[in-house]
Structures are given as structure tokens and as C-alpha cells.
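Please read through the structure below; I'll follow up with questions.
Computed from the coordinates by the stated procedures, all read-outs in this text should not be read as laboratory data. The structure presented is a predicted model; accordingly, all values stated were derived computationally and were not measured. Quick reminder, even Gly has a Cβ in these numbers, built from the backbone with ideal geometry, and neighbours come from all protein chains shown.
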Amino acid sequence: MQSIIEEITELTAEWYKIIGPDHHKDRDCHWYIETKWSYDQPPIYIIQHYGYIIDEVSDELGYFLEKPKVKFSNNNPDIVVPEMQEQTTGSLQAIQFGAGSLSQTEVNALLNTLPLDMTFVDKEGNVKYFSQGKERIFDRPSTIIGRHVSMCHPPSSVHVVEEIIESFESGRKDNEDFWIRMKDMFVYIRYFAVRDPSGDFLGTLEITQNIKPITELQGEKRLVSK
């Protein structure tokens with residue numbers, strides 16, 4: 001255990017030398033812990049912090065071998081771990097839209113009912129929302145909320161994502177589409193620039209959908225299925 005802690009300490013020091021003292025704060029949420037606790041504290045704090053986060057999202061993503069019989073517990077009162085809980089405040093209050101109004105509960109249920117995945121990245125490049133429908137194409141744990149979008153893609157594709165967002169910010173483009181074969185799916189990935197009525201850039205919307213069932217449609221269907 002001591003050797004692991006020493007290795008984490010060395011890697012953390014190397015990270016600071018490479019990335020700089022401030023850049024990591026809004027570019028890499030994996031080191032979010034460093035903005036909460038001072039660097040000279042034992043790395044055991046990092047281990048315990050991520051133990052909580054991993055424990056919270058494992059039910060959704062699955063386990064390596066088997067589901068543990070006990071939950072990760074906090075035996076150190078000095079460690080403050082951010083709470084991950086559902087927002088209920090104002091869930092029954094109506095949210096006014098350009099055409100009608102919906103409660104927060106209705107909006108959430110509506111978005112999760114759509115047969116596609118949606119992810120919204122704000123104008124600062126941080127993931128702010130993603131839908132949680134039944135048919136998920138890409139796994140997205142709740143821990144990506146607040147993370148910079150460049151840290152949510154493989155290094156080989158980061159430059160593509162950044163190029164898309166830059167084209168939206170500059171106004172050169174309003175959308176970009178991709179389609180790929182993945183397992184038994186035909187995945188349609190679409191990016192849209194989200195703008196306010198004045199045309200100011202608010203962020204980027206990603207929509208992902210398996211369109212294989214659509215491409216296989218033939219003839220017509222005019223009657224209700226029995």
C-alpha cells in the first residue's frame with residue numbers, strides 16, 4: 001500500500017510540472033480533488049475520495065468481477081466528499097417555455113423518453129447535462145457532469161471535438177454529422193450549435209441515435225400494431 005501511495009505522489013508531482021498549476025482546474029476533472037485539498041496532504045485522501053465516486057456510479061456501469069456486499073464507507077471525518085443526489089427542489093414548479101410550460105419532472109421524463117442520447121456542453125466547454133434513456137449507446141456516468149469535454153473523448157478524437165466547437169463558436173457552422181458502424185448498430189452522431197434569440201453561442205448539443213431500424217423500413221405502416 002505504501003508503494004502505491006508513493007507512486008501516486010510522484011505521478012501527481014509530474015502532472016503539475018507538465019500541465020501547470022492552474023490549467024488542470026478547468027481541463028481535467030480527474031484532478032478535481034487537488035482543488036479541494038492541499039497538495040501536501042497524504043494521497044490516501046485521493047484514494048478515499050475516488051472510492052466514493054466509483055462506488056456511486058458502479059451500479060450503472062457494472063462491476064469488474066462481482067458486486068461488493070458492502071458500500072464504501074468513510075472512516076475519516078476530515079474528508080469531505082461531494083454529495084451525489086437527485087435534485088428535487090422545484091420539481092413541481094412549472095418551467096415556462098416559448099410554447100407552453102412543463103414541470104421539472106415532466107421535462108426530465110420527456111427527455112429520457114426520446115429514442116436517442118443527448119448531451120449538452122456549455123459555452124465554456126463543460127458537460128452540463130446528458131439524457132438517461134433506456135437505450136444508451138455510450139455509457140455516461142454522472143461523474144462527467146462539470147468535466148471539460150476534451151477529457152471525455154479519447155486523445156485521438158479530441159482535436160475533432162475541439163474543431164467542431166470552435167466552428168460553432170465562430171459562427172462558421174451550425175451543425176456537423178457523423179455516422180459509424182458499431183457492433184450491430186448504425187450510429188448517427190449529430191452536433192448542433194445552441195444559440196439564444198440574439199445568435200449568441202450558448203453551447204453544443206450532441207445527439208446520438210441508432211438509426212439501423214429506420215434504415216431498414218420498407219413500404220408503409222398505416223395501422224396500429226396489435
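Is it the case that T208 is crowded, with 16+ Cβ neighbours inside 10 Å, assigned to a strand (DSSP E or B) and touching a Leu at 6+ places or on another chain (Cβ under 7 Å)?
On the way: crowded, with 16+ Cβ neighbours inside 10 Å: yes; assigned to a strand (DSSP E or B): yes; touching a Leu at 6+ places or on another chain (Cβ under 7 Å): yes.
Here the answer is yes, as T208 does meet what is asked.
Looking at segment 171-195, which of the residues that are touching a strand residue (DSSP E or B) at 6+ places or on another chain (Cβ under 8 Å) and among the acidic types (D, E) is surrounded by the most Cβ atoms within 10 Å (Cβ to Cβ)?
Taking the candidates together, the pick is E176.
Can I ask one more? Considering segment 196-226 alone, what residues qualify as being closer than 30 Å to N126 by Cα and charged (D, E, K, R)?
Initial filter on segment 196-226 (closer than 30 Å to N126 by Cα): 196-211.
Of everything in segment 196-226, those that are closer than 30 Å to N126 by Cα and charged (D, E, K, R) turn out to be D196, D200, E206.
Being exposed (fewer than 15 other Cβ atoms within 10 Å of the Cβ), of a type in the set (S, T, Y) and outside any loop (DSSP other than H, G, I, E, B) narrows it down to one residue among S156, S225, S198, S150; which is it?
Numbers: S225 fails: outside any loop (DSSP other than H, G, I, E, B); S198 fails: outside any loop (DSSP other than H, G, I, E, B); S150 fails: exposed (fewer than 15 other Cβ atoms within 10 Å of the Cβ).
None of the other options fit; the residue is S156.
Restricting attention to segment 96-134, report how many residues are small (G, A, S) and part of a strand (DSSP E or B). Full working, then the answer.
Filtering segment 96-134 for residues small (G, A, S) gives 98-101, 103, 109, 125, 131, 133.
Restricting the remaining residues to those that are part of a strand (DSSP E or B) gives 100-101, 103.
So the answer is 3.
Could you please give the count of residues in segment 159-176 that are β-branched (V, I, T) and part of a strand (DSSP E or B)?
Within segment 159-176, the subset β-branched (V, I, T) is 160-161, 164-165.
Cutting the leftovers down to part of a strand (DSSP E or B) gives us none.
Result for segment 159-176: 0.
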